[in-house]
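Data first, discussion second: the structure below is written as structure tokens.
The values are calculated or read from the model by the stated rules, or taken from the named source; none is laboratory data. From a predicted model like this one, the values you see are computed outputs, not experimental measurements. Reconstructed Cβ throughout: ideal geometry from the backbone, glycine too, with neighbour counts over all protein chains shown. Ligands, DNA and RNA are excluded from the accessible area calculation, which covers all protein heavy atoms including side chains. Shrake-Rupley method; radii C 1.70, N 1.55, O 1.52, S 1.80 Å.
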Amino acid sequence: MFLKSLQLKNFRNYEKTNIQFSNGLNVFVGQNAQGKTNLIEAVLLTSVGKSFRASKDKDMIKFEKEHACITTFAETEGGRERVDIHLFANKKKSILINDVNILKVGELMGVVPTVIFTPKELKIVQSSPIERRAFLDIALSQMSKGYFYTLMRYEKILSQRNKLLKSGKAEECSLSVWDVQLALEGAKIIKQRKEYIERLKKLVRDAHLFLSDGKEELFLEYLSFEGDDIVMISENFEKALVDDREKDIRLGYTNSGSHKDDIKISLQSCQGGGGVDKCIDLRSFGSQGQQRTAALALKIGELELFANHKKERPILLLDDVLSELDKTRAKRLIERVSSFQTLLTATHLDFEIEGRIFLIHNAELKLKKF
Ligand SMILES: Nc1ncnc2c1ncn2[C@@H]1O[C@H](COP(=O)(O)OP(=O)(O)OP(=O)(O)O)[C@@H](O)[C@H]1O
Ligand SMILES: [Mg+2]
């Protein structure tokens, strides 16, 4: 998959812009507040149907305008794809794939696959489990529409169960109806997350060895209910709901389930020397540098796994990450992802980069190097 071009109309600080991408590395260089992240946001919007930073769609429309339009043209194994997103000040957005209006945002998943990496993702190891679950959910939703729809169903059931708990009218029989449904949908989510982590493990370990000069080995483990099949996982899930029932009623929300799971990330140094090296939990005991390197490895793993799974290479969106890495890691990152089409933003470049370079000033783009 290659992104050929992006058209913006009244999107954030852009009035009218058309950008032609190269199939390799595209670099957008500019000072603060010129419109670099806005470009990344626009591409991501056509990929997953929502922004990674705006809470309301209408915030993305240029100030004092009523309507914005974002269009991406992509080239895939199967032909050309066009995605249009229309944002309106007074009504819901509309999404078109190849000129056909789609009714469910799930239809968009996987059409223009992307992997995004921003300073927020660099903190994925030390941040809360919510971020690590979001990492899994976004990756899995793009690989499988079915996963996305299961997740939507789970969230709906969970919110209905929580509403009942908050109402003070929750009783055993009314709760158990929700429990069965929640455990079943949750078990499907957990099974897919476990399988994903199993496949991701090796790629992340390899990427981490590459980034750390072979000095450290990274391990991943999905923390959830026991079991490899849906029946067993949902049985354990239901049992936890029953065990926590009193607590749930007292606190007014659901205390156990796939919405509480986490990924354990641990690190073992491979210095050699004969002694047994200790395996540490990276979130509690890792240095900031170790945590960032692990985050990079996770993202590289996600990118490579997607490409292996779909035979369609996702587009890598790197917003402002180079400045957060030391020069060696930044160079290694660029080297490792060089076979993927990449959009990279930076305020300045510390080293020579091979690629198409655009300069951005006040939402105006100028090609510096072709
Ligand atoms: N709805 C909007 N309408 C018009 N301008 C907007 C809108 N939303 C944001 N902006 C402006 O867009 C500008 C560029 O934002 P962007 O986040 O893309 O900057 P950036 O180049 O990534 O900067 P930095 O290097 O600081 O991350 C900001 O000046 C902001 O005020
Ligand atoms: Mg920015």
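Per residue, the accessible area of the chain comes to 49 Å², computed with a 1.4 Å probe over protein heavy atoms only. Result for the chain in a Gaussian network model with C-alpha springs under 10 Å: among D213, D137, D319, the largest mean-square fluctuation is at D213.
For segment 246-370, report the % of Cα-Cα distances exceeding 19 Å.
Above the 19 Å cut-off, segment 246-370 has 66 percent of its Cα pairs.
Each of E66 and D99 was given a label point 7 Å from its Cα along the Cα-to-Cβ line. The distance between the two points is 2.6 nm.
Here the label points at E171 and S338, each 7 Å from Cα along the C-beta direction, are separated by 6.9 nm in the simple model.
The lysines within cross-link reach of K260, meaning a Cα-to-Cα straight distance under 17 Å and a gap of 8 or more places when in the same chain, are K156, K188, K191, K194, K239, K247.
About its Cα centre, how strong a charge dipole does the chain have in debye, to the nearest 20, once Lys and Arg get +1 and Asp and Glu get -1 at the Cβ?
1040 debye
Normalised by the number of residues in segment 309-370, the average gap of Cα pairs under 8 Å and 6 or more apart makes the relative contact order 31 percent.
Round to a whole number: what % of the accessible area of the chain belongs to carbon and sulfur, probe 1.4 Å? With neighbouring chains kept in place, the figure for the chain is 50 percent.
Surface listing: C173, C69 arranged by accessible area from highest to lowest gives C173, C69, probe 1.4 Å. Taking a straight line from the alpha carbon of K120, these aspartates and glutamates sit under 15 Å away, with near neighbours fewer than eight places off in the same chain left out: E41, E131, D319, D320, E324.
Once the Cα-Cα distance is subtracted from the 0.36 nm per residue extended length, the D137 to D244 segment shows a gain of 36.0 nm. Using a cutoff of 8 angstrom between alpha carbon atoms and counting only pairs six or more residues apart, the relative contact order for segment 195-299 works out to 30 percent.
Between the beta carbons of N362 and R199, assuming R0 = 35 Å, the FRET efficiency works out to 0.20 to the nearest 0.05.
Please report, ordered by residue number, every helix of the chain (full DSSP H runs) that is 24 Å or longer along its axis going by C-alpha atoms and whose mean Kyte-Doolittle hydropathy reaches -1.0. Within the chain the helices that satisfy the rule are 145-167, 172-211, 288-310. For segment 277-370, GluC sites (Glu not before Pro) meeting the loop criterion (DSSP other than H, G, I, E, B) and having at most 16 other Cβ atoms within 10 Å: E312, E352, E354. Mean separation of Cα pairs under 8 Å and 6 or more residues apart, divided by the residue count, gives segment 254-370 a relative contact order of 14 percent. Of F285, L333, V321, which is farthest towards the positive pole of segment 273-370's charge dipole, taken about the Cα centre with +1 and -1 on the beta-carbons of Lys, Arg and Asp, Glu respectively? Working it through, the farthest residue towards the positive pole turns out to be L333. When the surface is traced with a 1.4 Å probe over the full set of protein chains, M143 keeps roughly 20 Å² accessible.
Taking 22 Å as the limit for the C-alpha separation, the pairs K310/K331; K4/K145; K4/K93; K65/K366; K56/K93 exceed it in the case of K310/K331; K4/K145; K4/K93; K65/K366. Segment 184-209 and segment 343-360 have Cα centres separated by 33 Å.
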